[in-house]
1. Would you pick out the residues in segment 172-192 that are of a type outside the set (A, V, I, L, M) and either more than 10 Å from the ligand (Cβ to nearest atom) or at pLDDT below 95 (or both)?
2. Touching a Lys or Arg at 6+ places or on another chain (Cβ under 8 Å) and among the polar types (S, T, N, Q): is that true of ASN61 in this structure?
3. Looking at segment 117-148, which of the residues that are surrounded by fewer than 18 Cβ atoms within 10 Å (Cβ to Cβ), more than 16 Å from the ligand (Cβ to nearest atom) and part of a helix (DSSP H, G or I) is nearest to the chain's Cα centre (by Cα)?
4. Which of the residues belonging to segment 97-116 are within 12 Å of the ligand (Cβ to nearest atom) and farther than 22 Å from LYS172 by Cα?
5. So, in segment 81-96, exactly how many residues are within 26 Å of ASP214 (Cα to Cα) and either in a helix (DSSP H, G or I) or within 16 Å of the ligand (Cβ to nearest atom) (or both)?
6. Give the residues of segment 106-116 that are surrounded by fewer than 16 Cβ atoms within 10 Å (Cβ to Cβ) and part of a loop (DSSP other than H, G, I, E, B), sorted by residue number.
7. Of the residues LEU151, LEU169, which is closer than 24 Å to ASP15 by Cβ and within 12 Å of the ligand (Cβ to nearest atom)?
8. Need a quick list: strands (runs of 3 or more DSSP E) entirely within segment 1-80 having at least 2 residues that are of a type in the set (Ser, Thr, Tyr), under 22 Å from ILE267 (Cβ atoms) and within 14 Å of the ligand (Cβ to nearest atom).
Amino acid sequence: MMHQTGDNRPIGVFDSGFGGVSLLRNALIELPNESFIYYGDNGNAPYGDRPEGEINRLASNAADFLVHKGVKALVLACNTATGAAIRILRQKLDVPVVSVEPAIKPACEREGDGKVLMLATVATTRLARYKALQARMPDPSRVINVGCSGLVERIEKGVTDMYAFDDILDEKLSPYWGMKVDGIVLGCTHFVFIAGAIREYAKAHFDGECILYDGNAATARQLHRVLEVAGLLSGRTAPERERVTFLTSVDAQTSKIIFDRLLKMPII
Ligand code: DGL
């Protein structure tokens, strides 16, 4: 292949906690010959209720940590960190940085007279970068942003059961019950692990198709393109046996159990 230079260094993937594992799953499929270092800043999760400056500092520390581990590219698998820190990280790091963003574009491109609900952390809904993205939509008022505090904490404990989030969803979504909803954007990588719970909840409480969207697959494809253009794809022709190294800012033993389960569990 023309651009393949055989750079076998790992790719760094970062999230405030386990959410980015949902994106890692896409990246593992998209790039079967690459290896990854996943860093979850579980000790500081959730980021989504913190002020922008703090998210910035935490994301910056995590990025430095991964760069010192020798990664050839960095994936911000956290919508919240993208909103707060992507510009600064791109300026200061010598490696390419690819990042996930709430997938409101595909949701808004699908025609319909219903609303698009964008579920994310409170921080994401408030950050200027996301607001600018929403303003670029053909009809920005079609998108209703819902900051869903509380979900991430529960998912961080490894909870993903179908009806285990209804109390929080009631609290955040009851103002919209009965509304025609064309699409629901999972604007936080953690929420992908409870897609089934959100879909069931939507079926019970909203009208409309309620198609779920997330930015993971598109981000994995973007990572592929960026590595290819930069000549950074690995030279391997078969996957390594241990493709993923898991690192965390808390006790690794307990977290590894949750990490392994999320990496493999079926997402419905
Ligand atoms: N998973 C992260 C995101 O995509 C944020 C979770 C958090 O720490 O609040 O936004």
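1. Of all residues in segment 172-192, those of a type outside the set (A, V, I, L, M) come to 172, 174-178, 180, 182-183, 187-191.
Selection gives LYS172, SER174, PRO175, TYR176, TRP177, GLY178, LYS180, ASP182, GLY183.
2. On the way: touching a Lys or Arg at 6+ places or on another chain (Cβ under 8 Å): no; among the polar types (S, T, N, Q): yes.
Answer is no for this residue.
3. ALA132
4. Hits for segment 97-116 are SER99, VAL100.
5. Going through segment 81-96, the residues within 26 Å of ASP214 (Cα to Cα) turn out to be 81-90, 95-96.
So of that shortlist, the ones also either in a helix (DSSP H, G or I) or within 16 Å of the ligand (Cβ to nearest atom) (or both) come out as 81-90.
Of the residues in that region, 10 qualify.
6. Going residue by residue through segment 106-116, those that are surrounded by fewer than 16 Cβ atoms within 10 Å (Cβ to Cβ) are 106, 109-111, 113.
Selection gives ARG110, GLU111, ASP113.
7. Numbers: LEU169 fails: within 12 Å of the ligand (Cβ to nearest atom).
Going through LEU151, LEU169 in turn, just one is closer than 24 Å to ASP15 by Cβ and within 12 Å of the ligand (Cβ to nearest atom): LEU151.
8. Working: elements: 11-15, 36-40, 74-76.
Ranges flagged: 36-40.
The values are calculated or read from the model by the stated rules, or taken from the named source; none is laboratory data. Not measured: the values here are computed from a predicted model. No Cβ is skipped: glycine too gets one built from the backbone with ideal geometry, and neighbour counts run over all protein chains shown. In case anyone asks, the SASA skips ligands and DNA or RNA and just uses the protein heavy atoms, side chains included. Shrake-Rupley method; radii C 1.70, N 1.55, O 1.52, S 1.80 Å.
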